[in-house]
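Below you'll find the structure, written out as structure tokens, and then a few comments.
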Amino acid sequence: MYDVIIVGAGPAGLTSGIYARRANKKVLVLEANTYGGQIINTKSIENYPVNPGISGFDFATKLYNQAKDLGTEIKFEKVTDITENEVITTKETYKTKTIIIATGSDNRKLNLENEEQLTGKGISYCATCDGAFYKDKIVAVIGGGNTALEDAIYLSDIAKTVYLIHRRDTFKAEAILVGQLKQKENIKIVLNTTITKINGDNKLESINLLTNNETTKLNIDGLFIAVGQVPETENFKKLINTNEQGYIIAEEDCKTNIKNIFVAGDTRTKNLRQLVTATSDGAIAATEAIKYLSEIKE
Ligand SMILES: Cc1cc2nc3c(=O)[nH]c(=O)nc-3n(C[C@H](O)[C@H](O)[C@H](O)COP(=O)(O)OP(=O)(O)OC[C@H]3O[C@@H](n4cnc5c(N)ncnc54)[C@H](O)[C@@H]3O)c2cc1C
């Protein structure tokens, strides 16, 4: 029987591990993929206090080692279901007194035909992971937020031409990024335009674009989709209350509708989804779990 099982080894989950272990609790972290969560592929983190410029990989590795060194048990198993006192993975069922859900979010899809089939064959959701494959090629980035602009700027140093395609007439990204974007001569900005079709059999060949009711075809080698994130909460909805977008409903105390189940990081309802708020939630959720454990002892 564990005191705390944490689902997800991203910044929120690993921070919960650190806090729970420092309170001497028996802790298990379960992770479906690799440790570190979304930040792992980011080239440089500039807004987390103390160490500007640290790579996402270094940040995640330091956090992972810190949690491990404190005695946090970490297993790489996907959680498929939970009950109030059990966490079920693809391999096993674990008993626990408390659960912290820290499953973050996944890339939002365009939901177009061929999207899944051509992922890895010209379509990518990670410019820093796959950008190097497109040296001197023609690529397109879809989106208008920080990630889309960062991707376009990053790719402009590798690819010959980068089309940045956005459905609105202004970007919602930070002004500093919009300024940097405009300095790049090989980025072509295409506004008020949506992507309607992805063409190619075994490899991406072109996309269809719709601007003011007019359809055009754009031949490209790579398509980078950066249209936001969706919370990873499908496996918990049976038991835990979520909002319309699927985020787990919780206030700053990270408490869910079930008294021994807490939520931390990007997967909960909140205004700012960043590292600093994810690690903050990790600390709060673990502290609430510890408080709950001390109460049930009496
Ligand atoms: C490209 C990019 C760049 C970014 N850059 C910055 C930045 O510079 N500064 C900043 O502050 N923020 C940045 N962010 C945001 C930041 O990465 C997130 O806010 C933060 O990672 C959220 O942490 P989290 O632990 O809540 O979730 P995540 O990082 O999403 O981690 C969740 C973890 O849970 C795992 N998981 C999911 N479902 C299951 C399951 N069923 N079973 C087991 N494990 C599961 C996932 O595999 C993942 O490892 C960036 C995000 C992206 C995508």
So if I check each of THR80, THR61, THR89, which one is β-branched (Val, Ile, Thr) and open to solvent by 50 Å² or more (accessible area, probe 1.4 Å)?
THR80
Failed item in (1) out of contact with any helix residue (DSSP H, G or I) (no Cβ under 6 Å at 6 or more places or on another chain); (2) within 26 Å of LYS237 (Cβ to Cβ), with GLY144 passing the rest:
(2)
Segment 27-74 - residue that is in contact with a Phe, Trp or Tyr (Cβ under 7 Å, 6 or more places away or on another chain) and without any contact (Cβ under 8 Å) to a residue 40 or more places away in the chain and, of those, nearest to MET1 (Cα to Cα):
TYR35
Somewhere in segment 41-49, is a residue within 11 Å of the ligand (Cβ to nearest atom), open to solvent by 30 Å² or more (accessible area, probe 1.4 Å) and more than 22 Å from CYS129 (Cβ to Cβ)?
yes
Could you count how many residues in segment 181-224 are over 26 Å from ASN146 (Cβ atoms) and open to solvent by 80 Å² or more (accessible area, probe 1.4 Å)?
11
Could you run through segment 32-44 and say how many residues are closer than 13 Å to GLY104 by Cβ and in a helix (DSSP H, G or I)?
4
Could you please let me know if THR103 is touching a Ser or Thr at 6+ places or on another chain (Cβ under 6 Å), crowded, with 20+ Cβ neighbours inside 10 Å and of a type in the set (S, T, N, Q)?
yes
Taking segment 225-263, which residues are out of contact with any Leu (no Cβ under 9 Å at 6 or more places or on another chain), part of a loop (DSSP other than H, G, I, E, B) and open to solvent by less than 40 Å² (accessible area, probe 1.4 Å)?
GLY228, THR233, ILE240, GLY246, TYR247, ALA250, CYS254
With the requirement that a residue be touching a helix residue (DSSP H, G or I) at 6+ places or on another chain (Cβ under 7 Å), within 14 Å of the ligand (Cβ to nearest atom) and closer than 18 Å to ILE82 by Cα, what does segment 10-37 give you?
GLY13, VAL29
Residue by residue through segment 10-31, note down the ones that are more than 18 Å from SER280 (Cα to Cα), open to solvent by 30 Å² or more (accessible area, probe 1.4 Å) and either assigned to a helix (DSSP H, G or I) or in contact with a strand residue (DSSP E or B) (Cβ under 7 Å, 6 or more places away or on another chain) (or both).
LYS25, LYS26
Assess whether GLU214 counts as being away from the ligand (no atom under 13 Å from the Cβ) and acidic (Asp, Glu).
yes
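The values are calculated or read from the model by the stated rules, or taken from the named source; none is laboratory data. Because the structure is predicted, anything quoted here is derived from the model rather than measured. Positions of Cβ are generated from backbone atoms using ideal geometry, with glycine treated the same way; all protein chains shown enter the neighbour counts. Quick note on the areas: whole protein, heavy atoms, side chains included, nothing else; ligands and nucleic acids left out. Shrake-Rupley method; radii C 1.70, N 1.55, O 1.52, S 1.80 Å.
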